Amino acid sequence: MIQLENLCLRNGSFELNDLSMTIASGSYGILMGRTGCGKTTILEAICGLQPHVKSGIIRLNDSDVTLLKPAERGIGYVPQDSALFETMSIFENVAFSLRLRKWIESDIKERVHELAELMAITKLLDRRPFGLSGGEAKRVALARALAASPNVLCLDEPLSALDEETHGEICDLLGELHREIEVTILHITHSSAEAHRLGETFLRLEEGQLIEGNLES
Amino acid sequence: MSSLASPDPSPSPFRPKSDTPFFFGLGSLSGFYLFLILALILALAIVPRWGKSDETKLLLMGQSLEEAVYHLKVASKNASGTNLDQKVEDALMEAKKLADLKPDGQSKAGLVKQTTTEARALANIRLSELVKKAETEKVDIVKEIDQAKNSLLNAVAFDRPSDYAAVFNDPGIRASAKLSFVSCTISALLSLWVAAPIGYTMSRFQFRGKNFIDTILDVPIVLPPLVIGLGLLILFNNISFGTMEVVYFDRDGSQYIVQENRTIERMIQQVGASIGFQMRITNGAAGVVLAQFMVACAFAVRTMRNTFDQISPRQEEVAMTLGSSRGEAFWNIVLPQGYRGLLAAGTLAWARSLGEFGPILIFCGINAHRTEVMSSSVYLQFSIGEIEKAAVVSLLMIALAFVVLLLVRNLGKSDAMPNR
């Protein structure tokens, strides 16, 4: 579950006030809005990357995480540009969170290969991120975010900047993931086609207000 | 008619301008500077003398010795009838023997050595005595003997070893080369150690007074290095915190106590003495490193800051959501990405340290085997008129820098990131 309660955010001179919303556990939430209206700011606040929460509460799975460090929140985060760790191989990228959790090497191997199979990136595991296509990079970023089995997955425009074919592929992949893995997803987009295809809970950020409701409203 | 119709064709068809002038400008300007650098190195390389062959030495020495013989002949003519007659005659005979340059079954090198030794002895001992006696006895041979002496010393001078050998065999310069290499490496590593955190802080965090701190960080770049040396010297040696008793030992072993200013330098020495070390900053190798570090670090900080500015914080942020602490994200994600920048900053700091002279001169002075670095050696040799040796030391510095920079550059290339 992702819940915001009267959240006030500030990012430089940019402010968002009194945001409230709930995405039920296991639900696929879609957050829409124009470019520059503050969608990413909200997402970063949920991930704990914006230290600019003025007031309000962020809850993930019924626990208040407003003051927790990003590392403590149990979140999978896929930024818009994938931001793969370019000095590491794809395997190391995916294994990153597991290594931090001191998993034993054989378990890590098993988990990474399982995810790689799911994401169809097994062939890439030995490579470095340099030269990956946008779609491949997105798959790796998803595998990396999911490795430690987070409860919440935050996707920042995961399908933008992909060509039409890859767009469809990743879209299908996300839908499949959502069906197979017990995870609450918050997906930012400005494409209503994507929202239609994937979403269950719909949110729209308009003029600083979060409006809950279905797609048409 | 549509307003978008193509305009009237111009009288002559459009032709883009030639690229030749641009490339000519590029080539001539960069070529000019490159030429200057090479000319400079070449000039340094031409001046020092390679040693002459023994054959040439003997030929040149022979000429000078003949001159000496000639002057002594004149002198002996002038001295005939006085009580110096015999002594001048003896000197003349010896000079003649030297001028013969008979090998006597020894090698040419041996002959050169023997001749120089004997010629030097003749000039410096016997002829010097003669001059003194001639002055007291008022015999008119002083001028001639002096000229003979000069000719003999000229002959000796032809045996001068090559400037390269002289520099490479000079233990003081060897020590200075070693100290340069070691101190530069230490100060470069220290600079990196300090510059990486400063650069990261300045690049990632916003805080009050950041502009002010940024300006302070630039002060060592703006100031003449000399002033930094002066500041260090005053800080360590002139500012005192009260007085303290310093124990000195006399030559006979007795000790006496003197009240002296409690400066930072003294306090460090005291701490060192209490743990059984002789520690000194000013006048010591530590001071050399400190003086180099003060300047080099400012450049490293600039470079590191630019490096971190160019690394998007996104990867760190992702690492933090995956469970990294800030520190882990820095070590695992940011630093490996800034590898090139680290190398660049380290190289810059190293090179800067190698060239450092002013602050070391002021803060540590030039003590052979202790604070003399290569730039000081160049200055020393130059100041005693040994321009050739100064050039050799300079060449040595160029070679050292060249090798180190080339190595580091290759280290950067072998990295498995073709894109950066």
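A compact table of results
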read-out	value
Residue match in the stretch A:106-117 (condition: under 21 Å from A:Ile185 (Cα atoms), of a type in the set (Asp, Glu), modelled with pLDDT under 90 and out of contact with any Cys (no Cβ under 6 Å at 6 or more places or on another chain))	no
Exclusive hit being touching a residue at least 60 places away in the same chain (Cβ under 8 Å) and either of a type in the set (Lys, Arg) or surrounded by 17 or more Cβ atoms within 10 Å (Cβ to Cβ) (or both), set B:Ala91, B:Ala68	B:Ala68
Test: residue in the stretch B:255-263 that is more than 16 Å from B:Ile360 (Cα to Cα) and either crowded, with 21+ Cβ neighbours inside 10 Å or touching a helix residue (DSSP H, G or I) at 6+ places or on another chain (Cβ under 7 Å) (or both)	yes
From the options A:Arg99, A:Arg179, A:Arg144, residue that is in a helix (DSSP H, G or I), more than 14 Å from every other protein chain (Cβ to nearest Cβ) and not small (Gly, Ala, Ser)	A:Arg179
Output for the stretch B:270-289, where each listed residue is surrounded by fewer than 22 Cβ atoms within 10 Å (Cβ to Cβ) and either part of a helix (DSSP H, G or I) or within 14 Å of chain A (Cβ to nearest Cβ) (or both)	B:Gln270, B:Val271, B:Gly272, B:Ala273, B:Ser274, B:Ala285, B:Ala286
Checklist (1) in contact with a Lys or Arg (Cβ under 9 Å, 6 or more places away or on another chain); (2) assigned to a helix (DSSP H, G or I) applied to B:Gly323, failing item	(2)
From the options B:Ala134, B:Ala188, residue that is modelled with pLDDT of 95 or more and buried (at least 20 other Cβ atoms within 10 Å of the Cβ)	B:Ala188
Qualifying strands (runs of 3 or more DSSP E) (wholly inside the stretch A:22-83; at least 3 residues being away from chain B (no Cβ under 14 Å) and at pLDDT below 90)	A:53-60
Close pairs from the stretch A:1-30: first aromatic (Phe, Trp, Tyr), partner assigned to a loop (DSSP other than H, G, I, E, B), Cβ under 6 Å, at least 6 apart	A:Tyr28/A:Gly199; A:Tyr28/A:Glu200
One residue from B:Leu348, B:Leu342, B:Leu335 being more than 14 Å from chain A (Cβ to nearest Cβ) and either surrounded by fewer than 17 Cβ atoms within 10 Å (Cβ to Cβ) or assigned to a helix (DSSP H, G or I) (or both)	B:Leu348
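The rows are residues; the columns are (1) assigned by TED's automatic domain parsing to the domain that holds B:Leu396; (2) under 30 Å from B:Glu67 (Cβ atoms); (3) among the hydrophobic types (A, V, I, L, M, F, W, C); (4) not in a helix (DSSP H, G or I).
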| position | (1), (2), (3), (4) |
| --- | --- |
| B:Ser151 | no, yes, no, no |
| B:Asn154 | no, yes, no, no |
| B:Gly172 | yes, no, no, no |
| B:Ala175 | yes, no, yes, no |
| B:Ser187 | yes, no, no, no |
| B:Asp214 | yes, no, no, no |
| B:Pro220 | yes, no, no, no |
| B:Ile228 | yes, no, yes, no |
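The values are calculated or read from the model by the stated rules, or taken from the named source; none is laboratory data. The model shown is predicted, which means the values in this text are computed figures rather than measured ones. For neighbour counting, all protein chains shown are included, and Cβ atoms are generated from backbone atoms with ideal geometry for every residue, glycine included.
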